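See structure below.
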Amino acid sequence: MTVSVTPLSASLGARIEGLDLRSLPQGDDLAQVRRAFLDHQVVVFPGQKISAGDQIAFCELFGAADSDYKAPPQRDDDYRKGVMLVSNVRKNGVPIGNLPDGDMQFHSDGAHRASPYLATTLYAIRVPLQGGDTLFANLYAAYEALDDPTKARIADLRVHNAYILDATSRDEESRPGGILREAEHPLVRVHPETGRKALYVNRLMTRFIVGQDDAEGRVLLDTLLDHVERPEFIYAHKWTAGDFVMWDNRCVNHARTDFSAEEVRLLRRYTISESAPAPA
Ligand code: SIN
């Protein structure tokens, strides 16, 4: 089979066809996948039939799994390896998934930790007919579209990110009893592999610009939060069962649109750590 890479939007995302991920891509095929991941930031492999083990093995081509996840109520071996479910399904009234239901504001996975996630993967098992789309925003394009004075103004700034586990909106910032994680990161992140600059700010987690938690700083932050969500930077992924999607959290924000509680949405998620070395 020949591997083909087809862009999915003017801004980011590509569909990769010609691979069955039950076997690991090798040689030129793997090189093409790596290139597409860096060039397009979000890669979609449609029509896959992969197990949790296949998903883990593929991800290990890019780095080590990250085990900092909230354990679901019923753990099994896959969960212990860092696999989790994203689902609105409940068993005996208890969610089988790790993330909340419904829409979710733009964020970058792990931006609330000192070491964010390099990439996140989702494998679609059951998807709703309507809604539950994942929106991806290109943070390189957002940075590059800024005017030069703004680029100069923000060049050395840092952001303070905070996330209450399970929150879907920044308004939940003061939810009592929530588990809060916080971290600071450069507002302009240089991607370690491409050398490109990304505007690393997101609505769900970024609370303030460090040293600028005043009226002027808040206006700047609000302006940047609106800027990174401009439609021209976004690709909306409408899921089909069998889609396997991997995105680069170092240069992509993502969000989720709402969907009916009457419909089932079930995806398997596995994240790749930024700090641990890739296996030899
Ligand atoms: C996530 O934020 O990792 C989940 C995105 C989704 O459910 O579409």
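Filter the range 129-147 down to the residues that are within 16 Å of VAL228 (Cα to Cα) and open to solvent by 30 Å² or more (accessible area, probe 1.4 Å) and list them by number. Write out each step before concluding.
As a first pass, look at the range 129-147 and keep what is within 16 Å of VAL228 (Cα to Cα): 134-147.
Passing the criteria: LEU135, GLU144, ALA145, ASP147.
The residue pairs whose first member lies in the range 239-268 and is under 18 Å from ASP54 (Cβ atoms) and in a loop (DSSP other than H, G, I, E, B), whose second member is open to solvent by less than 20 Å² (accessible area, probe 1.4 Å) and more than 10 Å from the ligand (Cβ to nearest atom), and whose beta carbons are closer than 7 Å, counting only pairs six or more residues apart or on different chains, are GLY242/GLN48; ASP243/VAL44.
In the condition set (1) over 24 Å from ILE56 (Cα atoms); (2) open to solvent by 30 Å² or more (accessible area, probe 1.4 Å), ARG126 is compliant with all but (1).
For THR271, indicate whether it is surrounded by fewer than 24 Cβ atoms within 10 Å (Cβ to Cβ) and either under 19 Å from LEU204 (Cα atoms) or of a type in the set (S, T, N, Q) (or both). Walk me through how you get there before you give the answer.
On the way: surrounded by fewer than 24 Cβ atoms within 10 Å (Cβ to Cβ): no; either under 19 Å from LEU204 (Cα atoms) or of a type in the set (S, T, N, Q) (or both): yes.
Considered against the rule, which asks whether it is surrounded by fewer than 24 Cβ atoms within 10 Å (Cβ to Cβ) and either under 19 Å from LEU204 (Cα atoms) or of a type in the set (S, T, N, Q) (or both), THR271 comes out as no.
For the range 111-123, residues that are over 20 Å from PHE233 (Cβ atoms), of a type in the set (A, V, I, L, M, F, W, C), open to solvent by less than 30 Å² (accessible area, probe 1.4 Å) and outside any strand (DSSP E or B) total 0.
Quick one: which of THR223, THR194 is under 19 Å from ASP39 (Cα atoms), of a type in the set (Ser, Thr, Tyr) and not in a strand (DSSP E or B)? Quick ask: steps written out before the conclusion?
Details: THR223 fails: under 19 Å from ASP39 (Cα atoms).
Residue meeting the stated conditions: THR194.
Against the list (1) in contact (Cβ under 8 Å) with a residue 24 or more places away in the chain; (2) away from the ligand (no atom under 16 Å from the Cβ); (3) touching a Leu at 6+ places or on another chain (Cβ under 9 Å), the condition LEU180 fails is (1).
Residues satisfying the criterion are present in the range 88-100 (criterion: more than 11 Å from the ligand (Cβ to nearest atom), in a strand (DSSP E or B), at pLDDT below 85 and in contact with a Pro (Cβ under 6 Å, 6 or more places away or on another chain)).
The values are calculated or read from the model by the stated rules, or taken from the named source; none is laboratory data. A quick note: this is a predicted structure, and the numbers were derived from the prediction, not measured. Glycine also receives a Cβ, built like all others from the backbone with ideal geometry; neighbour counts cover every protein chain displayed. Heavy atoms of the whole protein, side chains included, go into the accessibility calculation; ligands, DNA and RNA do not. Shrake-Rupley method; radii C 1.70, N 1.55, O 1.52, S 1.80 Å.
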